[in-house]
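FYI, it's all coordinate maths here, none of it is from the lab. What you are looking at is a predicted structure, and each value in this text was computed from that prediction instead of being measured. Ideal geometry is used to build each Cβ from the backbone, glycine not excepted, and the neighbour counts take in all protein chains shown.
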Amino acid sequence: MFITFEGIDGVGKTTQINLLKTYLESKNKEVLSIREPGGLSFSEKIREILLDTKTEINSTTELFLFEAARSELTEKIILPALNENKIVICDRFYDSTSAYQGFGRGINLDDINYLNTVATQKLVPDLTFYLDIPISQSLNRNINKVKDRMESNTLNFITNVKKGFDKLSELYPDRIKRIKADDSIDQVHQNIIKHINV
Ligand code: TYD
């Protein structure tokens, strides 16, 4: 089973992923949790480039770098783990590219969909949790954080990214579960595990 978590920055994905991992392990499941971009030394290096505020890259290069990191992670980590019947939880996957590089940067969505299928060898998550909070709240949660390159984008960019996630969850309601993430940590966790059948 392949589960992904999505949403704008500061929605609490990491906390919820850790809680879900613990929950699944309490049911005797073997769980691998990873993050995108990253999860592998090659991909972590790409992550560093992508998030470094000193990096100046155009949107297309940015897109290719996210896909490059994803291609390595999919082939070397995700597919082998799924073949061993592990549950894989990934902090972001290709929906982030559709939302950030597509809706955010304005790159053609058909092109992005195509590159997504190439990078992932057509792997589709079984379940995606879109953690949804108002933008004002996500900005508040990040207020004391040193911002990386992606977090330094304009409010207009974040607004478009959020619209992207909203739209994706409408387009794929069977796969993408939109979870109201401004409730208590435990309430959000309970709403997540309602969708988990183990
Ligand atoms: P994330 O790991 O959520 O950042 P952090 O650990 O700092 O919370 O994601 C890194 C950033 O990269 C985030 O701003 C979203 C962005 N991103 C894209 O723009 N496109 C992508 O395909 C992915 C996977 C992430």
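Would you mind computing the Rg to Rh ratio of region 22-120 from its alpha-carbon coordinates, Kirkwood style for Rh?
1.02
Using the Cα centre of region 99-173 as the reference point, and only Cβ charges (+1 on K/R, -1 on D/E), how large is the resulting charge dipole? Debye, rounded to the nearest 20.
Using Cβ point charges on Lys, Arg, Asp and Glu, region 99-173 gives about 300 debye.
For region 72-152, treating each Cα as an identical point scatterer without solvent, what Debye log10 I(q)/I(0) comes out at q = 0.15, 0.20 1/Å?
The Debye formula, applied to the Cα set alone, gives -0.72, -1.06.
Can you put Y114, Y130 in order of Cβ neighbours within 10 angstrom, beginning with the fewest?
Listed from fewest to most nearby Cβ atoms, that is Y114, Y130.
Could you work out the local net charge near I133, counting Lys and Arg as +1, Asp and Glu as -1, over the other residues with Cβ closer than 13 Å to its Cβ?
Taking every Cβ under 13 Å from that of I133, the sum is -1.
What FRET efficiency do you get for L79 and T154 if R0 is 30 Å and r is their Cβ-Cβ distance, rounded to the nearest 0.05?
The computed FRET efficiency comes out at 0.25.
With θ taken as phi - 60° and the coefficients 6.51, -1.76 and 1.60, list the Karplus ³J(HN,Hα) couplings across region 76-85 in order, rounded to whole Hz; mark glycine and proline as x.
Going residue by residue, I get 8, 10, 5, 4, x, 5, 5, 5, 8, 6 Hz, with x marking Gly and Pro.
If R₀ is 25 angstrom, what is the calculated FRET efficiency for the pair D126 and S59, using the beta carbon separation as r and rounding to 0.05?
Computed FRET efficiency for D126 and S59 comes out at 0.25.
According to a simple spin-label model (label point 7 Å from Cα along Cα-to-Cβ), what is the distance in nm between N197 and I49?
Distance between the two pseudo-spin positions: 4.2 nm.
Using alpha carbon coordinates only, what is the Rg to Rh ratio of the chain, with Rh defined as the Kirkwood radius?
So for the chain, dividing Rg by the Kirkwood Rh gives 0.94.
Under the classification rounded if a/c is under 1.5, otherwise prolate if a/b is larger than b/c and oblate if not, where does region 141-198 fall, given a ≥ b ≥ c as square roots of the Cα gyration tensor eigenvalues?
oblate
What dipole magnitude, in Debye to the nearest 20, does the chain give about its Cα centre under +1 on Lys/Arg Cβ and -1 on Asp/Glu Cβ?
The calculated dipole for the chain is roughly 300 debye.
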